[in-house]
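Student: Below are the structure tokens for one structure; questions will follow.
The values are calculated or read from the model by the stated rules, or taken from the named source; none is laboratory data. Computed from a predicted structure; not experimentally measured. Glycine also receives a Cβ, built like all others from the backbone with ideal geometry; neighbour counts cover every protein chain displayed. For the accessible areas, the whole protein counts, side chains as well, though only heavy atoms, and no ligand, DNA or RNA atoms are used. Shrake-Rupley method; radii C 1.70, N 1.55, O 1.52, S 1.80 Å.
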Amino acid sequence: MSDKQPDARLDTRYSEATATATDWSEALKILNLAELFWISTVRPDGRPHVTPLPAVWSGGALHFCTGPEERKARNLAANPQVVLTTGVNTWNEGYDLVVEGEAVRVADDGRLRELAAAWEEKYGEFWRFEVRNGSFHHGAGHAFVFSVAPRTVFGFGKGEPFSQTRWRFD
């Protein structure tokens with residue numbers, strides 16, 4: 001997926017009269033700079049599971065990694081639909097984003113090397129990964145990498161003016 005412009009709509013039901021739809025370029029800045037995301041997956045029995053993790057935006061998608069035995073990886077094996085959220089914990093300032101899509105495993109070592117470089121550039125040496133056999137390796141463990149190309153993204157402007165923008169992707 002490319003970084004093409006999605007269809008943007010302001011939801012006037014949840015926006016002040018002076019609000020305008022946020023430009024996708026502003027949402028991309030937030031996605032690129034955000035250090036922490038919350039991922040929501042669904043357990044095989046239907047119960048939700050939410051946990052924080054780092055993620056990088058690259059090639060028109062958010063990418064995250066998880067150990068193959070971790071709860072979120074096991075959930076994704078049964079249901080790849082996810083929501084990733086980021087923002088600030090204030091109600092009257094800042095901007096929150098909710099990214100909906102399908103998590104697809106990235107196993108190509110060439111692409112994984114690109115993503116490993118992006119992780120280290122964004123998060124520093126602690127997040128240096130070795131790539132081999134379709135996985136990230138760090139210390140004694142290894143992790144699967146997933147790509148989430150957004151299907152729909154919601155943006156919530158907080159403070160004057162409050163707003164809700166929805167971006168839809170083809």
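Student: Whether any residue in segment 16-27 is assigned to a strand (DSSP E or B) and over 13 Å from the mean Cα position of the chain (by Cα) is what I want to check.
Tutor: No - not one qualifying residue is present in segment 16-27.
Student: Now for a different question. Would you pick out the residues in segment 114-135 that are aromatic (Phe, Trp, Tyr) and surrounded by 17 or more Cβ atoms within 10 Å (Cβ to Cβ)?
Tutor: Trp119, Trp127, Phe129
Student: Taking the condition of being in contact with a strand residue (DSSP E or B) (Cβ under 9 Å, 6 or more places away or on another chain) and either of a type in the set (Gly, Ala, Ser) or in contact (Cβ under 8 Å) with a residue 60 or more places away in the chain (or both), how many residues in segment 47-79 meet it?
Tutor: Summing the residues that are in contact with a strand residue (DSSP E or B) (Cβ under 9 Å, 6 or more places away or on another chain) and either of a type in the set (Gly, Ala, Ser) or in contact (Cβ under 8 Å) with a residue 60 or more places away in the chain (or both) in segment 47-79 gives 17.
Student: Residues of segment 128-154 being among the aliphatic types (A, V, I, L, M) and not in a strand (DSSP E or B), which ones? Show your work before the answer.
Tutor: Here is the first cut: in segment 128-154, the residues among the aliphatic types (A, V, I, L, M) are 131, 140, 143, 145, 148-149, 153.
Scanning segment 128-154 gives a single hit, Ala140.
Student: Which of the residues belonging to segment 1-15 are surrounded by fewer than 17 Cβ atoms within 10 Å (Cβ to Cβ) and either part of a strand (DSSP E or B) or not small (Gly, Ala, Ser) (or both)?
Tutor: If the condition is that a residue be surrounded by fewer than 17 Cβ atoms within 10 Å (Cβ to Cβ) and either part of a strand (DSSP E or B) or not small (Gly, Ala, Ser) (or both), then Met1, Asp3, Lys4, Gln5, Asp7, Arg9, Asp11, Thr12, Arg13, Tyr14 are the ones that fit.
Student: If I go through segment 75-93 residue by residue, how many of them are farther than 12 Å from Arg105 by Cβ and either of a type in the set (Asp, Glu) or surrounded by fewer than 16 Cβ atoms within 10 Å (Cβ to Cβ) (or both)? Steps first, answer last, please.
Tutor: Initial filter on segment 75-93 (farther than 12 Å from Arg105 by Cβ): 75, 78-79, 81-93.
From what is left, the residues that are either of a type in the set (Asp, Glu) or surrounded by fewer than 16 Cβ atoms within 10 Å (Cβ to Cβ) (or both) are 78-79, 81, 88-93.
Number of matching residues: 9.
Student: In segment 140-157, is there at least one residue being free of Cβ contacts under 8 Å to residues at least 12 places away in the same chain and either in contact with a strand residue (DSSP E or B) (Cβ under 9 Å, 6 or more places away or on another chain) or among the small types (Gly, Ala, Ser) (or both)?
Tutor: Looking only at segment 140-157, we keep the residues that are free of Cβ contacts under 8 Å to residues at least 12 places away in the same chain, and these are 140.
Now narrow it down to the ones that are either in contact with a strand residue (DSSP E or B) (Cβ under 9 Å, 6 or more places away or on another chain) or among the small types (Gly, Ala, Ser) (or both): 140.
Yes, there is a match, as at least one residue in segment 140-157 is free of Cβ contacts under 8 Å to residues at least 12 places away in the same chain and either in contact with a strand residue (DSSP E or B) (Cβ under 9 Å, 6 or more places away or on another chain) or among the small types (Gly, Ala, Ser) (or both).
Student: From the residues in segment 42-73 that are over 19 Å from Leu112 (Cα atoms) and in contact with a Lys or Arg (Cβ under 8 Å, 6 or more places away or on another chain), which one is most open to solvent (accessible area, probe 1.4 Å)?
Tutor: The initial filter retains those residues of segment 42-73 that are over 19 Å from Leu112 (Cα atoms), namely 42-52, 69-72.
Pick out the ones that are also in contact with a Lys or Arg (Cβ under 8 Å, 6 or more places away or on another chain) and you get 43-44, 49, 51, 71.
Working: Arg43: 59, Pro44: 96, His49: 31, Thr51: 31, Arg71: 68 Å².
Ranking the qualifying residues of segment 42-73, first place goes to Pro44.
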